[in-house]
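Q: Got a structure here, written out as structure tokens. Questions coming.
Read-outs throughout are calculated quantities, based only on the coordinates presented, and are distinct from any laboratory measurement. Here the structure is a predicted model, which means the values were calculated and not measured. FYI the Cβ positions are ideal-geometry reconstructions off the backbone, even for glycines, and counts take in every protein chain you see.
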Amino acid sequence: MTHPQDPKSHLIALFQHAAGQFAKAEHLIIDLERPKQASHGDFACNVAMQLAKALKRNPREVAQAIVASLPASEWVEKTEIAGPGFINVFLKASAWQNVALQALAAGEQFGRGTLGQGKKIQIEFVSANPTGPLHVGHGRGAAFGASLANVLTHAGYQVQREYYVNDAGRQMDILALSTWLRYLALGNQFVPFPANAYQGDYVGAMADSIYALHGERYLRPAAEVSADAPDAAGDPEGHLDALIANAKRLLGADYAYVHGHALEEQLGDGRNDLTEFGVIFDTWFSEKTLHESGLIDKAVKQLQQHDHIYEQNGALWFRSTAFGDEKDRVVLRENGIYTYFAADIAYHLNKFERGFDRVIDVWGADHHGYIARVKGALTAAGADADRLTVALVQFAVLYRNGVKASMSTRSGQYVTLRDLRAEVGNDAARFFYVLRKSDQHLDFDLDLAKSQSNDNPVYYIQYAHARICSVLSAWGGVEADLADVDTSRLQHPQELTLLRRLAEFPETVDAAARDLAPHSIAYYLKDLAAELHGLYATCQFLVDDEELKLARLSLIAATRLVLQVGLGLLGVSAPERMSREEATTNEAGA
RNA sequence: GCCCCCGUAGCUCAGUGGAUAGAGCAUCCCCCUCCUAAGGGGAGGGUCACACGUUCGAUUCGUGUCGGGGGCACCA
């Protein structure tokens, strides 16, 4: 046997060897469970039951044979055959005692998984239209995407974080028009402001800044702005489109300035907001460049060559029904403008061409009907659609005093991400956002997130970290000395429980990466914090027995490390000091 | 009509093809002379929505039913 690294992989190797008498290694899947009950040992193996049927033998008999040929191991205390044919393995304390020192030796690299194996993966998230402030729905996508990207990185992937900027569509034109109309009003050119234009105060603020910078340069007569526009009440969308067309004609080359100003302002605002939230992107991919570089033409031609495009009613349609979609989809409209879908096909083909082994899109759940057609188009164009995974993020609903805090985009009264962060803080916001599986509805309890109490799981975990810092600080020794202590003194059940939990961290990271489920990191940290608090209440760390003291300190130093790394994956801070007094003061001061 | 998500303790939710299904909150009872009580220990509380299948074994997988939420544009 090779030198044991961690107990689980060690045991898997032992079982693989022992079960080899019944099946070839490549057909053996050794599954080691951590039993819920201590009386079932450290690990339970069900391989005997799996094999029993093919062998037509009694599972307990098979288990006997496997146990008999298990190679000797200094870590194994005893094995038992239990129930229908489980092999329960009880480990000696020495199997776990290494864990703390291994963690300290690895430092921030502890738990660095092997799942990714350096593969290139791209995760695209948020990608909100830059037409206004980010709201709480975007916040969930941001927190989920950023945490997932961290988890994937820790699991050994080479990760690129990308934001797709919708800077080419009609929505941006509407924002530019809205801004311009507000600007015109500043110059006493009053055009009735359409109800379906952007209403928010930020639009007026942008108009103010344009007026302050450039005075009346972009003023045009109000009468000409609404010339020949259909009635706003009868055809609101046609009315808006006519105003946009007029704006482009009247402003000429200056239209690009207004459009660009609005885009830069809103994109910059979103970027600042996300940066403050700890959400950083490596690349900002512009939709406009897809149009300008001809990639959309190219993508549609590619589909045409494979005979997946037909013309009907003056538009070009992609035959997505041939790929499992429920109806065919337009790519080029009757008016000669590509649909968003066409741009998305080109965008995804481009992602694949950039050499990612895997691509993850984080979308709002309202886009779920979109998956079939995008994947269909990729397949139709000859790409491997299985390399694309779409993670859907359900909406978050805010609750205040047990009542739904409603959110309405139309009235401009929606809750912004910035408001939420100001109200509950970045840490609580990041943590609560990823506390649920992404594809499940999230009830965000504002009062709980704000509460500076033990009800709040964020504080519970952070407090475990602060407590450890406090002990190490009271000790006053050199922490580097803890990397080389005699850990055989760690015998207490609470100590072993904590050691076992630390050993689980690497596989927790890998599982979270595999399932695209950063929430499992949050639950792991809650368990880890609980066990630290349990130990804290049971054992004194700063005892007179020097060896025992150092052993215990190395254990909690390792725990602190895992808390830091784990909280870091979720984008939550790990404060060194916390006190209720400060919290109360803060609350009073706020 | 079609598609997606959900149904687990009073509430909010984890969880797993395995052996007696967990946590927090809420309720009740204990624990600071001691490294931070934002902590710890204990008690009560369950037909894992229902039915049928697959399986040695189903809360977990499949089908159906019921109930809740969301989505189905030549919008982006």
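Q: Picking from A:Ala227, A:Ala223, which residue would you name as being over 40 Å from the mean Cα position of the chain (by Cα), small (Gly, Ala, Ser) and outside any loop (DSSP other than H, G, I, E, B)?
A: Working: A:Ala227 fails: outside any loop (DSSP other than H, G, I, E, B).
After ruling out the rest, the residue left standing is A:Ala223.
Q: May I pose another question? Contact list please: Cβ distance under 6 Å, first residue in the range A:516-541 and free of Cβ contacts under 8 Å to residues at least 40 places away in the same chain, second residue more than 8 Å from RNA strand B (Cβ to nearest atom) and among the hydroxyl-bearing types (Ser, Thr, Tyr), pairs at least six apart or on different chains.
A: Pairs found: A:Glu531/A:Thr497.
Q: Another question, if that's okay. If I filter the range A:539-555 for residues that are more than 19 Å from A:Val99 (Cα to Cα), in a helix (DSSP H, G or I) and of a type outside the set (Lys, Arg), do I get at least one hit?
A: yes
Q: Pull up the range A:24-56, narrow it to residues that are within 12 Å of RNA strand B (Cβ to nearest atom) and among the charged types (D, E, K, R), then point me to the one that is nearest to A:Trp96 (Cα to Cα).
A: Looking at residues that are within 12 Å of RNA strand B (Cβ to nearest atom) and among the charged types (D, E, K, R), I get A:Asp42.
Q: Ok, one more. Pick out the one residue from A:Leu32, A:Leu55 that is touching a residue at least 24 places away in the same chain (Cβ under 8 Å) and under 40 Å from the mean Cα position of the chain (by Cα). Give the steps one after another, and end with the answer.
A: Working: A:Leu55 fails: under 40 Å from the mean Cα position of the chain (by Cα).
Answer to the check: A:Leu32.
Q: Right, here's the next one. Could you list, in sequence order, all residues of the range A:331-362 that are of a type outside the set (A, V, I, L, M), part of a helix (DSSP H, G or I), farther than 16 Å from A:Val165 by Cα and out of contact with any strand residue (DSSP E or B) (no Cβ under 9 Å at 6 or more places or on another chain)? Give the derivation first.
A: To start, the set of residues in the range A:331-362 that are of a type outside the set (A, V, I, L, M) comprises A:333-336, A:338-341, A:344, A:347-348, A:350-358, A:361.
Then keep just the ones that are part of a helix (DSSP H, G or I); that gives A:340-341, A:344, A:347-348, A:350-353.
Checking the rest, the ones that are also farther than 16 Å from A:Val165 by Cα come to A:352-353.
Matches in the range A:331-362: A:Glu353 only.
Q: Can you pull out the residues in the range A:65-78 that are closer than 20 Å to A:Ala23 by Cβ and crowded, with 16+ Cβ neighbours inside 10 Å? Walk me through it before giving the result.
A: Taking the range A:65-78 first, the residues closer than 20 Å to A:Ala23 by Cβ are A:65-71.
Listed by number, the residues that qualify are A:Ala65, A:Ile66, A:Val67, A:Leu70.
Q: Quick check on my filter: what residues within the range A:366-388 are exposed (fewer than 15 other Cβ atoms within 10 Å of the Cβ) and either touching a residue at least 60 places away in the same chain (Cβ under 8 Å) or touching a strand residue (DSSP E or B) at 6+ places or on another chain (Cβ under 7 Å) (or both)? Even if it seems obvious, please write down each step before you answer.
A: Of all residues in the range A:366-388, those exposed (fewer than 15 other Cβ atoms within 10 Å of the Cβ) come to A:366-369, A:382, A:384, A:386.
Listed by number, the residues that qualify are A:His368, A:Gly382.
Q: Further question on the same structure: Check off (1) touching a residue at least 12 places away in the same chain (Cβ under 8 Å); (2) more than 30 Å from A:Asn426 (Cβ to Cβ) for A:Arg249 and give me the number that stays unchecked.
A: (1)
Q: Please find, within the range A:505-542, the residue that is nearest to RNA strand B (Cβ to nearest atom) out of those that are more than 18 Å from A:Arg467 (Cα to Cα) and among the charged types (D, E, K, R).
A: Initial filter on the range A:505-542 (more than 18 Å from A:Arg467 (Cα to Cα)): A:505-524.
Within this subset, residues satisfying the condition of being among the charged types (D, E, K, R) are A:507, A:510, A:514-515.
On the way: A:Glu507: 11, A:Asp510: 13, A:Arg514: 11, A:Asp515: 8 Å.
Only one residue tops the list, namely A:Asp515.
Q: Working only within the range A:456-498, note down all residues that are within 8 Å of RNA strand B (Cβ to nearest atom) and surrounded by fewer than 12 Cβ atoms within 10 Å (Cβ to Cβ).
A: Within the range A:456-498, A:Ser473, A:Ala474 qualify.
Q: Right, something else. Return the residues of the range A:333-345 that are under 16 Å from A:His308 (Cα atoms) and more than 8 Å from RNA strand B (Cβ to nearest atom); say none if nothing qualifies.
A: Of everything in the range A:333-345, those that are under 16 Å from A:His308 (Cα atoms) and more than 8 Å from RNA strand B (Cβ to nearest atom) turn out to be A:Ala342, A:Ile345.
Q: Moving on. When the residues of the range A:442-455 are narrowed to those that are near RNA strand B (Cβ under 7 Å from one of its atoms) and of a type in the set (S, T, N, Q), which ends up surrounded by the most Cβ atoms within 10 Å (Cβ to Cβ)?
A: A:Gln452
Q: For the range A:88-119, which residues satisfy the criterion of being free of Cβ contacts under 8 Å to residues at least 60 places away in the same chain and not polar (S, T, N, Q)? Even if it seems obvious, please write down each step before you answer.
A: So the first thing to find is which residues in the range A:88-119 are free of Cβ contacts under 8 Å to residues at least 60 places away in the same chain, and the list is A:88, A:90, A:92, A:106, A:109, A:117-118.
Of everything in the range A:88-119, those that are free of Cβ contacts under 8 Å to residues at least 60 places away in the same chain and not polar (S, T, N, Q) turn out to be A:Phe90, A:Lys92, A:Ala106, A:Gly118.
Conditions tested, residue by residue: (1) in a helix (DSSP H, G or I); (2) away from RNA strand B (no atom under 16 Å from the Cβ); (3) closer than 30 Å to A:Ala480 by Cβ.
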| site | (1), (2), (3) |
| --- | --- |
| A:Ala13 | yes, yes, no |
| A:Phe22 | no, no, no |
| A:Val62 | yes, no, no |
| A:Pro71 | no, yes, no |
| A:Glu74 | no, yes, yes |
| A:Ile81 | no, no, no |
| A:Phe90 | no, no, no |
| A:Gln97 | yes, yes, yes |
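Q: Select, from A:Asp361, A:Asp328, the only residue that is buried (at least 16 other Cβ atoms within 10 Å of the Cβ), of a type in the set (D, E, K, R) and within 30 Å of A:Arg421 (Cα to Cα).
A: On the way: A:Asp328 fails: within 30 Å of A:Arg421 (Cα to Cα).
Residue meeting the stated conditions: A:Asp361.
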